[in-house]
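Remarks on the structure that follows.
The values are calculated or read from the model by the stated rules, or taken from the named source; none is laboratory data. Quick caveat: nothing in here was measured; it's all calculated off a predicted structure. When we count neighbours, we look across all protein chains shown, and the Cβ atoms used for this are built from the backbone with ideal geometry, even at glycine. Side chains included, ligands, DNA and RNA excluded: accessible areas come from the protein's heavy atoms. Shrake-Rupley method; radii C 1.70, N 1.55, O 1.52, S 1.80 Å.
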Amino acid sequence: LFEKEHGFTLCRGKKKNPKIAKYVTKLSVEGKIKNPWQPLLKDRGEIQYYERKVNGSFVQLPYFIPNKVLPTRQLIVEERMNTTSLGNFFIHLPKTGGVGTKNMMGRDAKQMLREKTITEPYIVCDEGMTSIENWKTFKTSFKRVIRENKILKANCVMSMSESYYHPVFADNIFTVLRNPHEHVLSMYFHCTESRSHKLKSHKMPSLDGWLESWVSQKEQLSQTNTRVEWLPNKFSCYNPINMQSRLLGYPRTKDDLKDRFRFVGVLSELDTSTCIMAQHLSGATPSRCNCNDRRRRLVADHGVVHHGSTYNTTNSQRELIDILTDMDQILYKEAMTLFEEEVQLFEKEHG
């Protein structure tokens, strides 16, 4: 009935690749090629035709049905039932450069593979916001079909997610911390300017109003005996009250960090932090870790215009941030001390 009413034959079969179909349609209509699929695909599938009305007349257009659909990307979860822990896990604290860390380590792995510093490819597998308690569902390896007869496989040498510290499920835990003032500002601008929060940005007040609101809620905690996690979030975005300490289980001293983590990096030294993590994961050091190569590497900006590291705050704004991050500031100071010790030890061990 549809074909009778509309005067053309419906295309039936497997879904076509829209980009290829658009290109083929253009060439076919222009009469440049009669059968664009045959020289490219040969015996890999069946070519069929359908009619389409173009410029007032019907033309025969080809589409391709493959014999076997080759996945371009496949993430594999092997049975973890016989294992008792995850192995290496990276806690991605929101707005601390987690995406940049993952991307940098991925580039390092590819470069070391090309330089034959390592023999097997590896990747850091991002699990999004999945809790570490669900670690048995985390990916174990990654496949990409490069060509019909060539498949690249890389093992997930480390998993990462926006989770919290848990001492049971992973053998080696890594994370990256950020200057608390920059961290709070980055959260605010993410909530007001990022693509992912565009539909909720109208709930956000001015920076002063946002800071004052959270300070007011923080001051009520001791009076109501309420946990930070239970505070109402009327802005539908981040809770900036000591976020880094809160997600890491409130470590206070350098010894606490050493007991809980294999390595703690800092965003202001992300190049150096990822160098040390690469050594922990692969036993090799990327060539760019030579101090003569100090090119700036950007982290993901998520469509944000303003950034915590460059925004100039007023004295009153800084005082409010100090109140919100009193524990984070202690943590960050201890983390910086430990980081410098790790760098000195790394340089001593590796010359």
Which whole-Hz couplings ³J(HN,Hα) result when phi for each residue of the range 99-106 is put into the Karplus expression 6.51 cos²θ - 1.76 cosθ + 1.60, θ = phi - 60°, listed in order with x for Gly and Pro? 5, x, 4, 4, 5, 5, 5, x
As an exercise, identify the trypsin sites (Lys or Arg not before Pro) in the range 232-284 lying in DSSP coil whose Cβ has no more than 12 other Cβ atoms within 10 Å. 234, 252
In whole Å, what is the distance between the alpha-carbon centres of the range 249-282 and the range 175-217? 25
For the range 169-264, what is Rg from Cα atoms divided by 2.2 N^0.38 Å, rounded to two decimals? 1.24
Taking every pair of alpha-carbon atoms in the range 82-127, what share in percent sits in each 5 Å bin, from 0 to the bin with the longest distance? 5, 19, 22, 19, 17, 12, 6
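Tell me, in nm to one decimal, what length is gained between residue 171 and residue 330 on full extension, where the rule is 0.36 nm per residue of separation less the Cα-Cα distance?
Taking residue 171 through residue 330 to full extension adds about 54.7 nm, to one decimal.
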When all protein chains stay in place, what accessible area (Å², nearest 10, 1.4 Å probe) is found for residue 287? 60
Whole-Hz ³J(HN,Hα) for each residue in the range 224-230, computed from phi via Karplus 6.51 cos²θ - 1.76 cosθ + 1.60 with θ = phi - 60°, x for glycine and proline: what do you get? 9, 6, 9, 6, 4, 5, 8
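Percent of accessible area on the range 118-273 owned by carbon and sulfur, 1.4 Å probe? Write down the numbers at each step before the final one.
Values: 3570 of 7640 Å².
Taking all protein chains in place, the range 118-273 shows 47 percent carbon and sulfur surface.
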Amide H contacts under 5 Å for residue 141, placed H, 5+ residues apart: 76, 78, 156
